[in-house]
Amino acid sequence: MQPPAHRPPTPEQLEAWRLTSLEHKLFFDNFDLVLAHGIDILKRDEYFFCQTRFSHYGVMSNAYMNVGTLLLGWRHEILIDRCRNCADNCKSYVYCFGSLLSRTGWAGYCTNLQRKEIRLGQQDDFCALKFRRFIR
């Protein structure tokens, strides 16, 4: 018996990936502007609850975070971790964790290097534990 053949992505999946990539690029190309207007974003529901396609958390990364949640997490230093390349702060926006993998992972934006950083950790990783408490 042979394993099932890998199916190519559907046009819908390709479009979703394209939109996610575009949203990620627009958000982080204008990251300083987003941070500078953080108070305004937190005050207005239509901005606070604006969902992002690129920012998510969960076992299968299926729960999306909104812009207001990200800003609050960064402001209270809950969604902050150290960049492994320069030791400056990374503003995290993706957390994946699962008991089957016994590992956690996150993606963040290093404001010093101005690029995406990714890290895998252990299940009891302190930042992952802080994050889980934050989203509950």
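No lab work stands behind these numbers, since they all come straight from the coordinates. Not measured: the values here are computed from a predicted model. Neighbour counts run over all protein chains shown; Cβ positions are idealised from the backbone, glycine included.
Residues whose amide H falls under 5 Å from that of SER55, counting only those 5 or more places apart or on a different chain, are MET65, with hydrogens built in the peptide plane. Here is the list for the range 4-52: trypsin sites (Lys or Arg not before Pro) lying in DSSP coil, each with at most 15 other C-beta atoms within 10 angstrom of its C-beta, are ARG44. Cβ-to-Cβ counts within 10 Å put GLU77, GLU46, GLU23 in ascending order as GLU46, GLU77, GLU23, the fewest first.
A simple packing score, the average count of other Cβ atoms within 10 Å per residue, orders the peptides 27-35, 78-86 as 78-86, 27-35, with the highest score first.
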